[in-house]
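The values are calculated or read from the model by the stated rules, or taken from the named source; none is laboratory data. Only a predicted model underlies this, so the values are computations on that prediction, with no experimental measurement involved. Because the Cβ atoms are built from the backbone with ideal geometry, glycine has one as well, and the counts that use them run over all protein chains shown. Note: areas computed on protein heavy atoms with side chains; ligands, DNA, RNA excluded. Shrake-Rupley method; radii C 1.70, N 1.55, O 1.52, S 1.80 Å.
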Amino acid sequence: METTKILWSGLTGRTGFEAIKVAREMPDVDIVMGMTRRDMDGILAVNGEKFDGVDWLKYDLDMFGPHGLFHLVGRAAIDVIVDFSHPDVFDKVLELAICTGKPLISGTAGLSEKQMMALRCTTSHIPIFRGGNFRFKVKKFIDEAVKLAMTTSGPLTLYENFYKGKTLPSETSRVVRQRIFETTGKRIGVSSSARLGRKNLVCDWRIGDLHCRTVGFDELAHDVLEIAKVMAKKPAKGGEPYDLDELWDDLVSWAL
């Protein structure tokens, strides 16, 4: 069985923690490298989560220096780079993807317009995934919301509620608005709030009688790893990054 080897940027973050655990249960994916701000030399666990078997890179190393990321990445063969980190290290991650020629899955929130432009320009050189949504369950909800808009004559409002600290409005709401407008020409309202507790990191969407609720990051991590397996075999396409709609036929057998 072919194994997809991943470098995960932000591996000690919330999604990365879950990805390490989920990857252990998947026979065809392996997180072999992690990027972090921490000094991880000799550290095999953080907050009780084991990272044995993971090689480490630090963001503050000179990208092209004699001990830089371009040379360090040669310590482990990788197929895909996943980035769930912070906008202030995004430029280094994108440069690493370019110089290694590896597909990049970009999941870092809060990128500037300049960074998004750089990401779009890079799609001509390497395969890039940057969806407004990564979760298969939410993808189904978006499809159902579009169908609802096609059969509803009155106004519609998308209500979303998140854990405290979530950036609002969400990228998912942007995708819902865009998909509905492109399909029906209708503009829907969006009401966003972040009143939920952070313990289970709940995300909740409602539109009409439709409802979608996700809890925690384990499901997100699993879907991202499935996306990574598909992106490892995709060519660069240019123009815009791949999104979940474009990969759905490759993923649907698992998602359903």
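Observations, loosely collected:
- Boolean, residue 98 is modelled with pLDDT of 90 or more, in contact with a strand residue (DSSP E or B) (Cβ under 9 Å, 6 or more places away or on another chain) and closer than 24 Å to residue 176 by Cα: no
- Residue in the range 135-151 that is in contact with a Gly (Cβ under 9 Å, 6 or more places away or on another chain), open to solvent by less than 50 Å² (accessible area, probe 1.4 Å) and not in a helix (DSSP H, G or I) present: no
- Among residues of the range 99-110, those that are within 18 Å of the chain's Cα centre (by Cα), of a type outside the set (D, E, K, R) and buried (at least 16 other Cβ atoms within 10 Å of the Cβ), counted: 6
- Meets criteria (of a type in the set (D, E, K, R), under 20 Å from residue 108 (Cα atoms) and touching a residue at least 40 places away in the same chain (Cβ under 8 Å)) for residue 198: no
- Residue in the range 236-243 that is touching a strand residue (DSSP E or B) at 6+ places or on another chain (Cβ under 9 Å), hydroxyl-bearing (Ser, Thr, Tyr) and within 19 Å of residue 137 (Cα to Cα) present: yes
- Reported count of residues in the range 1-19, each being part of a loop (DSSP other than H, G, I, E, B), among the hydrophobic types (A, V, I, L, M, F, W, C) and touching a strand residue (DSSP E or B) at 6+ places or on another chain (Cβ under 6 Å), is 1.
- Here the range 219-245 is the region considered, the condition is being open to solvent by 30 Å² or more (accessible area, probe 1.4 Å) and aliphatic (A, V, I, L, M), and the residue that is farthest from the chain's Cα centre (by Cα) is 236.
- Residue check, residue 81 open to solvent by 70 Å² or more (accessible area, probe 1.4 Å), among the β-branched types (Val, Ile, Thr) and at pLDDT 75 or above: no
- Selection status of residue 88, surrounded by fewer than 17 Cβ atoms within 10 Å (Cβ to Cβ), among the charged types (D, E, K, R) and closer than 16 Å to residue 210 by Cα: no
- In the set (1) assigned to a helix (DSSP H, G or I); (2) of a type outside the set (Phe, Trp, Tyr); (3) open to solvent by less than 10 Å² (accessible area, probe 1.4 Å); (4) under 26 Å from residue 118 (Cβ atoms), the condition left unmet by residue 175 is number (3).
Rundown of residues vs (1) surrounded by 14 or more Cβ atoms within 10 Å (Cβ to Cβ); (2) among the β-branched types (Val, Ile, Thr); (3) at pLDDT 95 or above, yes/no style:
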{"site": "179", "(1), (2), (3)": "yes, no, no"}
{"site": "191", "(1), (2), (3)": "no, no, yes"}
{"site": "198", "(1), (2), (3)": "no, no, no"}
{"site": "205", "(1), (2), (3)": "yes, no, yes"}
{"site": "211", "(1), (2), (3)": "no, no, yes"}
{"site": "247", "(1), (2), (3)": "yes, no, no"}
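- Here 216, 165, 154 are screened, and the one residue that is at pLDDT below 95, in a loop (DSSP other than H, G, I, E, B), closer than 23 Å to residue 15 by Cβ and open to solvent by less than 50 Å² (accessible area, probe 1.4 Å) is 216.
- Against the conditions (1) modelled with pLDDT of 95 or more; (2) open to solvent by 80 Å² or more (accessible area, probe 1.4 Å); (3) not polar (S, T, N, Q), residue 118 satisfies every one except (2).
- Residues that are free of Cβ contacts under 8 Å to residues at least 40 places away in the same chain and either at positive phi or in contact with a His (Cβ under 6 Å, 6 or more places away or on another chain) (or both) within the range 101-122 comprise just one, 101.
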